[in-house]
1. Give me the aspartates and glutamates in straight-line cross-link reach of LYS155: C-alpha distance below 16 Å, same-chain residues under 8 apart excluded.
2. Could you list the GluC sites (Glu not before Pro) in the range 1-95 that lie in coil according to DSSP, counting only those with at most 15 other Cβ atoms within 10 Å of their Cβ?
3. R0 = 45 Å: FRET efficiency of GLU271 with HIS185, Cβ-based, nearest 0.05?
4. Which FRET efficiency value, to the nearest 0.05, is calculated for LYS210 and GLU114 with the Förster distance at 45 angstrom and r the Cβ-Cβ distance?
5. With just the Cα atoms of the chain, tell me how far they stretch along each of the three principal axes, in Å, largest first.
6. Going by alpha carbons, how many degrees (0 to 90, nearest 10) lie between the helix axis of 35-47 and the longest principal axis of the chain?
7. Ranking request for peptides 147-155, 195-203, 123-131, 257-265: highest mean number of other beta-carbon atoms within 10 Å first, then the rest in descending order.
8. For helix 62-71, what angle does its Cα long axis make with the longest principal axis of the chain, in degrees from 0 to 90 and rounded to 10?
Amino acid sequence: MPRVRSYVPGLDEVLYGGIPDRSVVLVSGGPGTGKSILGKQFLYNGLTRGEGAVFVTLEEHPVAVRRSFRHFNWDVSKFEREGRFAIIDAFTTGIGSASQREKYVVKDIDNVHELIDLLRQAIKDTGARRITIDSVSTLYLTKPSIARSTVMLLKRVIAGLGTTAFFISQVSVGERGFGGPGVEHAVDGIIRLDLDEVDGKLYRSLIVWKMRDTKISMVRHPMDITDEGIVVYWDKYLKLTATSAEVQPLGKEDVEEMRRAVEEAEKASREVKPTRGTEEEEED
């Protein structure tokens, strides 16, 4: 199974080597949990290793998106100049002087086919291997009946062109869902980020709810947001109850198996690079 390494500290261990190639992963969680950071970190880690990437912004101005990358010293401007990174502006609809400088602008956000056409073009222009859409739930927030079909349309393009994607999905504070009726069945994987208050203290955690074609860790892992992005403490788990929170070490056998899986995935990625898809594959 070809895998895409996230290179997010601790995440590839939790996924026993990385994300299966051409997967669409729903990154779900409430406000302040680090969803957008994880999506940007996933892209930047690929850019620094020679891959192309595309970021679709539905809730932030492109100027704010670039600023948020720079907050973690992730300079994407040089990759834009090189033609390996693109931002698709699905926020401004072309309104404002700054938006006039954007190359990819969705004029009608209710027209998912316009977004798909721009996404297809940006993938080809950049040679993208990684995509983040932030947030995909904006596309169907007021029309939940089209949630699954919208995600499936995007998934066909993304998988058909040989890319791997993070779809950021919003949920309300305290909600344990994933952000859309039927969406959780359409995607290949779900990574859930949480921020829980226990006895007056907040605890960050990550759990992989599902991931097709790979073994996953079956426990909730503590995580943190640092100056360099998200760090997942993969060799520990967070035990939460209504009145207590405890961080416990994972068993030695689990730790060793995760470590070996990442080493094998890294070795495989050096030997065989997954090939990008083609338009012909997509149309099939």
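All of the numbers you see were taken from the coordinates with simple rules; none came from a lab. Computed from a predicted model, the values in this text were never measured in an experiment. Counting neighbours? That spans all protein chains shown, and the Cβs are built from the backbone with ideal geometry, glycine included.
1. List returned: ASP21, GLU114, ASP117, ASP134, GLU184, ASP188, GLU279, GLU280, GLU281, GLU282, GLU283, ASP284.
2. Taking the range 1-95 and a limit of 15 other Cβ atoms within 10 Å, the loop GluC sites (Glu not before Pro) found are GLU59.
3. 0.85
4. FRET efficiency, LYS210 to GLU114: 0.90.
5. The Cα atoms of the chain stretch 51, 45, 37 Å along the principal axes, largest first.
6. It is inclined by approximately 70 degrees.
7. Order by mean packing, descending: 123-131, 147-155, 257-265, 195-203.
8. Once rounded, one gets 30 degrees.
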